[in-house]
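The values are calculated or read from the model by the stated rules, or taken from the named source; none is laboratory data. A quick note: this is a predicted structure, and the numbers were derived from the prediction, not measured. Ideal geometry is used to build each Cβ from the backbone, glycine not excepted, and the neighbour counts take in all protein chains shown.
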Amino acid sequence: MKIAGTLFFVAASQFILALIVAEALYPDYSISVNYISDLGVGPSWAVFNFSVFLMGTLMLVGVYFLQRAVRFRVLTVLLILTAIGAMGVCVFTESSGSAHTVVSAIAFLFGALSAIVSYRLVKSPFSPLAIILGLTALAALTLFGTGNYLGLGKGGMERMILYPILTWGVGFGAYLIGQNDSKTT
């Protein structure tokens, strides 16, 4: 589980840092006005696209090691779909139209569901936090899908989907790192 945890931790952490770098490299980028994926077609495209693809790749490898340590097929499938969606975000940039919308929705939806379902694998106090983070992302995804941005703008609401998922990813990775590998839940 330590290898899986390390991979999940690095996947989410490097993307958080790369997202900040990409935003800084993009002139006049607004976290309220711009979509996150604008970073994948603008001046910071290389940083963003490499990082989101790396996140998905590290997640896929992490799922392999997680599955070897614990048999939790539902979480495995959800994490694989999340990783494929993340990788698809850079393969189908927002200039791809509806294909980008689909892969983004896959990454967001299954990332949020992964957080919620992971409560069965992790113990308190992280288990209720995982549920709260996943539900927060799902609520934000619903609001985003209906165009209700609560004054945050489209980019701000999109971040209310992404940030809870990334926070869970870092926490989930750290949780797994701290577990005894001989444990099979």
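Here are the numbers for this structure:
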read-out	value
Test for T57: is it assigned to a helix (DSSP H, G or I) and over 24 Å from T142 (Cβ atoms)	yes
Options T136, T146, T142; residue that is surrounded by 14 or more Cβ atoms within 10 Å (Cβ to Cβ) and modelled with pLDDT of 95 or more	T136
Odd one out for V103 among (1) buried (at least 20 other Cβ atoms within 10 Å of the Cβ); (2) out of contact with any helix residue (DSSP H, G or I) (no Cβ under 7 Å at 6 or more places or on another chain)	(2)
Members of segment 62-76 that are surrounded by 16 or more Cβ atoms within 10 Å (Cβ to Cβ) and not small (G, A, S)	V63, F65, L66, Q67, V70, F72, L75, T76
Criterion violated by G97 - all others in (1) touching a helix residue (DSSP H, G or I) at 6+ places or on another chain (Cβ under 8 Å); (2) modelled with pLDDT under 95 satisfied	(1)
Within segment 1-56, considering residues that are aromatic (F, W, Y) and within 30 Å of R71 (Cβ to Cβ), the one surrounded by the most Cβ atoms within 10 Å (Cβ to Cβ)	F8
Close pairs from segment 158-170: first at pLDDT 95 or above, partner among the acidic types (D, E), Cβ under 7 Å, at least 6 apart	none
Residue match in segment 152-161 (condition: in a helix (DSSP H, G or I), out of contact with any Pro (no Cβ under 7 Å at 6 or more places or on another chain) and over 24 Å from F48 (Cα atoms))	no
All positions within segment 1-44 that are outside any loop (DSSP other than H, G, I, E, B) and free of Cβ contacts under 8 Å to residues at least 40 places away in the same chain	L17, A18, L19, I20, V21, A22, E23, A24, L25, L39
Test: residue in segment 165-178 that is part of a loop (DSSP other than H, G, I, E, B) and closer than 23 Å to V10 by Cβ	yes
